[in-house]
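This report refers to the structure that appears directly beneath it.
The values are calculated or read from the model by the stated rules, or taken from the named source; none is laboratory data. Everything numeric in this text was worked out from a predicted model, so none of it was measured. Because the Cβ atoms are built from the backbone with ideal geometry, glycine has one as well, and the counts that use them run over all protein chains shown.
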Amino acid sequence: MRFLSQRKHFNDLSEQEIIALAISSEEDDARIYRSYGEMLRADFPATARIFDGMAEEEDSHRARLIALHEERFGPVIPLIRREHVAGYYARRPVWLVENLGIDRIRAEAEAMERDAERFYLAAARRTSDAATRKLLGDLAAAEAGHQATASALEVTHLDDGARDDEAAASHRQFVLTWVQPGLAGLMDGSVSTLAPIFATAFATQDTWTTFLVGLAASIGAGISMGFTEAASDDGEISGRGSPIKRGLASGVMTTLGGLGHALPYLIPDFWTATTIAIAIVFVELWAIAWIQNRYMETPFFRAAFQVVLGGALVLAAGILIGSG
């Protein structure tokens, strides 16, 4: 089916096009590394310096390739990029990787170097021309050396102290951006919907009506909490991160917190549904206490006392109001 593809296959590239492809690839990788460095500089300066050094290495590789091209084929370099070649390794967009955390960005950089080395080695094996094989072998060796250089730069710029500092900063940002608003949403969704759901349940003893009330309360609370969190702080001064991420975490967890004890009312039998819903409520409350202890460093028994007691009071209020 090669005739259906609008991209060239590597076996169809000339030696000049192979060199041009390597030049454009090295240029793209240098730009990606510089983007990573600039993105991380404020919060992770040591890792940013590593990416600066890796970008400089890519520049030196590109310069060597350009010199080779000029020597063999002249100064005019054909325009061929990785997206023009079928099966050539792709790079993930920077905007897609930047939200995944510093460890994921480091892993992505390591994968970039491994992809490039494997490509050059495979390309060298597929050619029968001695000069081309030597060129591709040299490129593979350069990429392997680049991995060694990256390791050396990491040792230079990212000692144990810097790594610990960056890990602490990354954990703190994760807590501020995701855990804190998510926990607030889970608490609000789990506790604030207790009264209307159980009041409806005991007032009507109609499981389907109770489920609809719980569904509406959960979704409504999720939308409200999500917009409130996103609009309350743009994160620029507080350092709490993207308002969209925080709003998403808060809204989703609020909805899930309410749905947890609304879903059992899909069961037609009232007392079976209510028994399961009450059991789920206490699981939700203990989960909240565990998250507070795990991420917010709140003593577990104090968190459990506050959350479980408060939730039990709201649950009792809903049952009493519905029964009356």
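Of the helices (runs of 4 or more DSSP H) lying entirely inside region 125-237, those containing at least 1 residues that are at pLDDT 80 or above are 130-157, 180-192, 194-204, 207-232. Looking only at residues in region 66-84 that are more than 35 Å from the chain's Cα centre (by Cα) and not in a loop (DSSP other than H, G, I, E, B), the one that is modelled with the lowest pLDDT is Leu68.
Can you find even one residue in region 103-112 that is closer than 22 Å to Met39 by Cα, at pLDDT 80 or above and under 29 Å from the mean Cα position of the chain (by Cα)? So far as region 103-112 goes, yes, one or more of its residues are closer than 22 Å to Met39 by Cα, at pLDDT 80 or above and under 29 Å from the mean Cα position of the chain (by Cα).
Here is a check on your reading of the model: is Ala249 touching a residue at least 40 places away in the same chain (Cβ under 8 Å), out of contact with any strand residue (DSSP E or B) (no Cβ under 8 Å at 6 or more places or on another chain) and within 15 Å of Gly185 (Cβ to Cβ)? Judged against the criteria, Ala249 is a match.
Output yes when any residue across region 53-65 is more than 26 Å from Ala107 (Cβ to Cβ), more than 36 Å from the chain's Cα centre (by Cα) and in the same structural domain as Glu143 (by TED's automatic domain parsing), and no when none is.
no
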